[in-house]
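Peer 1: Sharing a structure below in structure tokens format, with a few things to ask.
The values are calculated or read from the model by the stated rules, or taken from the named source; none is laboratory data. The model shown is predicted, which means the values in this text are computed figures rather than measured ones. Note: ideal-geometry Cβ built from the backbone for every residue, glycine included; neighbour counts use all protein chains shown.
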Amino acid sequence: MTNLKGGLSRTPVYGIVTLFAIFAALPFFWALITMFKEDSDLYTPANNPFLYNLPPTLEHLELLFFRTQFLRFVFNSLFIGALVVVITLVVAVPAAYSLARLTGRWGEQLGIAIFLVYLVPPTLLFIPLSRVVAILGLQDSLWSLVLVYPTFTIPFCTWLLMGFFKSIPRDIEEQALVDGYTRLGALVRTVLPLSIPGILTVVVFAFTLTMHEFIYALAFVSVSAQKTISVGVTTELVRGDVFFWQSLMAASVLVAIPVALLYNLFLDRFVAGMTLGAVKG
Amino acid sequence: MEAMAYRASTRTRIGYILDRETWLGPVMLFPAVLYILVLVGLPFLLAILYSLSDITVGDPSLDFVGLQTIQEVVENPVFQKSLRNTFVFTLVSQALVLVLGKILALALSTEFRGKWIFRFLILLPWTTPIALATISWLWMLDSVFSPIDWMLRAMNLLGPGAPLGPAKNLYWLGKPELAFFSVILVHTWRMLPLATVIMVAGLTSIPQDIKDAVAVDGASFWRALFEITIPLMLPIMAVATLFGVIFTFTDMIVIYVLTRGGPIDTTQVLSTWAFFKGIEGGNLAQGAATALFLFPVLLGVAVLILRFARRAEVA
């Protein structure tokens, strides 16, 4: 039977996805092999790079964990991520509820306007923001990132949550209002418990967006003890022209895999948000 | 008694305000709007002011110089090269993403065994923090130890007497044309997953009765593709590509990590040039003016996204 989805038979489908999977994963596969290689194995151009010509070693993982500030960077990133998630929730949940329920027709327009702020890139704002950060005395401090990261998490998360709140039937809140709760009471007792999947999605995206950010972190923070993973790994594991490739690749793989797993769990929601709800993921 | 009555009355007054939806709505919205105005709106205005001044990190006073800074920026040949590169990198990589994403989306919208693992691998370039993903490419394209070079040598395509030249390495990031190619490759690699998942969502949202009708009519795969699927999906394909355009057009990380704009500024783009001028060079005025050239395109693309997303909704 031919149909739009099943028009391709199995074999070409496997062929296509295998090719693309290799293309997508090759750098990570190469990173994964690299991280356990002995120096003398890795730096011999004639050796097959995809095989262990000498037995694998954990020495570069040890270097990464105990003789660089990698764990410090991980801690900084988690700390910033957690605070940004809290700020985002405190600001975005009421805003999204207001846009979904209380502001009527212009709520929709304003919601789209707020989503568009998410598309304003760091590259446009980092120069004036670097002055703002300097004036506030936050230069070289990870607090500058706690302050600035909500500029992209709040718009995106407000937009996602607005969609969630709209999908909850109004009857449920109206029943609570009839039962004598105030609007806020109804929000806390009926809407929020029903929105837990939505709030969880927002937590994950606010967190992963901060893990992805690089430009503000690079522009505002140059003290190694305050750096995030993205910036710390790419600047501190390179000394002059010397790259600690095994440790670099280990850091990259160890961060990439958990973040990728988190993302995958909530991907459909992300897609629905990006397409302005035109496509329900 | 009086105190209790007073407390009760203030409580009802606050309760009344919070219960009146005309008040509650704006009150709940206020923090978000304030945050955006202060930390996005204000810096944007500052960027415009900076580009009309000669402010530097060493002399942070705002002295207006009219269009002089912008003129200096525009007359710099590196700026002109950056402007052109930004467009070329974006257009070429996103054209590739559109075609490859469509193919991959068609494959991924079918059901097959082990789909989740393929999906996980295919999404990796998008889900990994971009700086870390790019650094793994830096190692893939290393001037001496690139595994791609090794494979080419193993196939006798590279090395003394081989078609790709007598040198033992291609120097991916060391030669202008190859560096150019590498940057496009990495941008395509990175944006392909996002476009694909959006297009898969578009494909699965095509109504079942249309699919059934096509099946009943016995249309061939290619005919169904070009006469039904692609026209129906056009708005959503446009949205998928436009996000790629925004992210690629304004991206600084790929160039910063991979080539730092080199060799000799041949892969410089607006965002990296703004960074090198404004942050590393301390010339805030020129940096801000350079970055502002990103804005008109951003605005145009945002308008297009809105228009296409609406149309997708109607379809």
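Peer 1: Scan the range A:127-146 and tell me whether some residue there is part of a helix (DSSP H, G or I) and more than 23 Å from A:Ser230 (Cα to Cα).
Peer 2: First pass over the range A:127-146, keeping only residues part of a helix (DSSP H, G or I): A:127-135, A:143-146.
This time we only want the ones that are more than 23 Å from A:Ser230 (Cα to Cα), so: A:135.
Yes, the range A:127-146 contains a residue that is part of a helix (DSSP H, G or I) and more than 23 Å from A:Ser230 (Cα to Cα).
Peer 1: Out of the range B:221-239, which residues are within 7 Å of another protein chain (Cβ to nearest Cβ) and among the small types (Gly, Ala, Ser)?
Peer 2: B:Ala224
Peer 1: Separate question: Run A:Phe73 past the list (1) aromatic (Phe, Trp, Tyr); (2) outside any helix (DSSP H, G or I); (3) crowded, with 16+ Cβ neighbours inside 10 Å and report the number of the one that doesn't hold.
Peer 2: (2)
Peer 1: What number goes with the only condition from (1) touching a Leu at 6+ places or on another chain (Cβ under 8 Å); (2) at the interface with another protein chain (Cβ under 10 Å from one of its Cβ atoms) that B:Gln286 does not pass?
Peer 2: (1)
Peer 1: Any idea which of B:Leu132, B:Leu123, B:Leu192 is of a type in the set (A, V, I, L, M), free of Cβ contacts under 8 Å to residues at least 12 places away in the same chain and closer than 30 Å to A:Leu237 by Cβ?
Peer 2: Criteria check complete, one pass: B:Leu132.
Peer 1: Taking into account only those residues within the range A:46-91 that are free of Cβ contacts under 8 Å to residues at least 12 places away in the same chain and of a type in the set (Val, Ile, Thr), which is nearest to the other protein chains (Cβ to nearest Cβ)?
Peer 2: Checked the range A:46-91; the qualifying residue nearest to the other protein chains (Cβ to nearest Cβ) is A:Val90.
Peer 1: So which of B:Leu242, B:Leu258 ends up being more than 9 Å from every other protein chain (Cβ to nearest Cβ) and closer than 14 Å to B:Asn85 by Cβ?
Peer 2: Of B:Leu242, B:Leu258, the one residue that is more than 9 Å from every other protein chain (Cβ to nearest Cβ) and closer than 14 Å to B:Asn85 by Cβ is B:Leu258.
Peer 1: So A:Leu124 ticks every box in (1) of a type outside the set (Val, Ile, Thr); (2) within 7 Å of chain B (Cβ to nearest Cβ); (3) over 24 Å from the mean Cα position of the chain (by Cα) but one. Which box is left unticked?
Peer 2: Here A:Leu124 meets the rest and fails (3).
Peer 1: Could you list, in sequence order, the residues of the range B:262-276 that are crowded, with 22+ Cβ neighbours inside 10 Å and in contact (Cβ under 8 Å) with a residue 40 or more places away in the chain?
Peer 2: B:Thr267, B:Gln268, B:Val269, B:Leu270, B:Ser271, B:Thr272, B:Trp273
Peer 1: For a quick check of your reading: which helices (runs of 4 or more DSSP H) sit entirely within the range A:147-202 and have at least 3 residues that are in contact with a Phe, Trp or Tyr (Cβ under 9 Å, 6 or more places away or on another chain) and not hydrophobic (A, V, I, L, M, F, W, C)?
Peer 2: In the range A:147-202, the matching helices (runs of 4 or more DSSP H) lie at A:150-166.
Peer 1: Follow-up. Among the residues in the range B:30-39, are any hydroxyl-bearing (Ser, Thr, Tyr), at pLDDT 90 or above and farther than 30 Å from B:Leu234 by Cβ? Walk me through it before giving the result.
Peer 2: Quick first cut of the range B:30-39, residues hydroxyl-bearing (Ser, Thr, Tyr) only: B:35.
Checking the rest, the ones that are also at pLDDT 90 or above come to B:35.
Narrowing the set further to residues that are farther than 30 Å from B:Leu234 by Cβ leaves B:35.
Yes, the range B:30-39 contains a residue that is hydroxyl-bearing (Ser, Thr, Tyr), at pLDDT 90 or above and farther than 30 Å from B:Leu234 by Cβ.
Peer 1: Given the conditions (1) surrounded by fewer than 23 Cβ atoms within 10 Å (Cβ to Cβ); (2) of a type in the set (D, E, K, R); (3) at the interface with another protein chain (Cβ under 10 Å from one of its Cβ atoms), which single one is not true for B:Asp251?
Peer 2: The failed condition is (1).
Peer 1: Same structure, new question: Output the residue which, of all residues in the range B:57-99 that are in contact with a helix residue (DSSP H, G or I) (Cβ under 6 Å, 6 or more places away or on another chain) and closer than 30 Å to A:Ile135 by Cα, is surrounded by the fewest Cβ atoms within 10 Å (Cβ to Cβ).
Peer 2: Taking the candidates together, the pick is B:Ile70.
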